[in-house]
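The block underneath contains the structure these notes are about, expressed in structure tokens.
The values are calculated or read from the model by the stated rules, or taken from the named source; none is laboratory data. Everything numeric in this text was worked out from a predicted model, so none of it was measured. Counting neighbours? That spans all protein chains shown, and the Cβs are built from the backbone with ideal geometry, glycine included.
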Amino acid sequence: MACMTDLRKQWAFVPAVQSEREKVGPTASEIDPEDEASGGMSQTVTNSMEVQTDAVWLEADRPILGHANTNNKVNAIFFDEELTKIGQQLVSIHSTVVGRYDESPSTSAINRQPFENIPFERAFYEPTLVSPRAKLTPTGLRRATVKDVLDDWRRCFVLYSDWMRLLPDFCQLSHEDQIILAKNRFSIFHWWICGNWSAESGRDGVVYGNGAYFPRGSHIQCVPDINNVANKMVTSYVAPLRELQLTDVERCCFLVIALFNDDLSQISIEGKDQIRNSRDKYIRVLYNHILFQIIQNQSSNNKQENPYMQIRAHSDAGLRMARILLLNSSLTTLVCLSSNQGQLGDVLHVVDWEVNS
């Protein structure tokens with residue numbers, strides 16, 4: 001937050017100062033007869049609108065956020081502190097989830113019951129029935145075996161459960177809506193987090209959280225990738241991630257926006273409204289964060305004296321947000337392709353997603 005404080009001391013968005021002529025009003029010869037009949041109301045409204053819409057950048061030794069300064073008519077500004085806090089909360093959730101691991105995981109529950117017999121609802125609320133919380137090592141140092149693929153799927157399911165159950169917006173849904181949403185969004189989460197690991201590691205394939213990676217080359221894959229999903233992930237999702245260099249807030253906001261889609265017909269009307277409101281909120285959080293990053297960069301490059309930089313900042317923020325949100329189509333494609341993967345789908349069948357759930 002220190003960098004935001006520095007910005008606050010440099011910038012403020014204020015109404016332009018009226019000219020002396022506007023202050024004293026028009027002369028008698030300049031008043032239109034129709035305006036004169038209405039007491040000069042038309043001219044007054046015009047001047048008022050000019051004050052509201054015409055704006056310049058000025059230096060100001062005051063916080064960017066806060067109450068307006070009535071003496072100088074300084075008004076509201078670029079960043080929403082509440083939205084900034086929400087973005088940081090998402091990052092905190094993610095850090096908590098990926099940093100959580102069991103020192104001495106118990107496997108007694110796993111040994112008692114086959115994975116495929118675990119109802120989804122129980123698996124989601126008791127995720128250690130599926131996998132212990134092993135420490136994450138997304139390094140991609142070795143080619144994945146079938147066991148690596150299966151272990152990663154299980155570990156990501158635990159990450160997914162932990163993530164969702166810490167997300168306040170998810171917890172506000174009814175129990176029934178939670179189950180419906182959770183059952184339909186795991187694949188998005190799985191590709192999202194594997195995509196992040198892959199982008200960071202630089203490996204030519206899908207990087208897992210257990211030190212292994214699933215290569216693009218079919219001749220060295222442990223399980224046949226019938227739909228060429230690994231290659232499509234690298235080209236359509238991982239490559240844009242590397243180019244965009246997302247911040248932690250951007251990554252987490254993008255995930256929640258992708259998860260909170262109201263396209264599920266089984267969700268209740270109230271649940272759809274909650275999901276839609278949450279999605280819109282995180283879109284605002286994302287835009288707020290991007291805009292701050294852009295204006296911070298403008299300030300560091302001494303561009304603040306340019307009165308047109310505000311327009312440019314909003315334009316750049318909108319463009320970057322659009323590029324980030326377009327990644328959702330890549331995730332959706334990966335989900336569709338991987339849902340019919342033959343042998344790989346059989347390998348990953350560890351939870352009963354429909355029956356008994």
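Restricting to the range 211-221, what's the tally of residues that are surrounded by fewer than 16 Cβ atoms within 10 Å (Cβ to Cβ) and part of a loop (DSSP other than H, G, I, E, B)?
Taking the range 211-221 first, the residues surrounded by fewer than 16 Cβ atoms within 10 Å (Cβ to Cβ) are 217-220.
So of that shortlist, the ones also part of a loop (DSSP other than H, G, I, E, B) come out as 217.
Qualifying residue count for the region: 1.
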- Note on the structure: Only one of (1) within 21 Å of Gly211 (Cα to Cα); (2) without any contact (Cβ under 8 Å) to a residue 40 or more places away in the chain; (3) not acidic (Asp, Glu) does not apply to Thr139, and that is (2)
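Considering only the range 122-145, state which residues are under 22 Å from Gly202 (Cα atoms) and out of contact with any Ser or Thr (no Cβ under 8 Å at 6 or more places or on another chain).
Matches in the range 122-145: Lys135, Leu136, Thr137, Leu141, Arg142, Arg143, Ala144, Thr145.
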- Which residues, taken from the range 222-245, are surrounded by 17 or more Cβ atoms within 10 Å (Cβ to Cβ) and touching a residue at least 60 places away in the same chain (Cβ under 8 Å)? Cys222, Val223, Asp225, Asn227, Val229, Lys232, Met233, Tyr237, Pro240, Leu241
- Query: If you take the residues in the range 145-184 that are aliphatic (A, V, I, L, M) and not in a helix (DSSP H, G or I), which one is nearest to Leu129 (Cα to Cα)?
  - Reply: Leu167
- Query: Any chance the range 186-193 includes a residue that's at pLDDT 95 or above, among the aromatic types (Phe, Trp, Tyr), under 21 Å from Leu90 (Cα atoms) and surrounded by fewer than 20 Cβ atoms within 10 Å (Cβ to Cβ)?
  - Reply: no
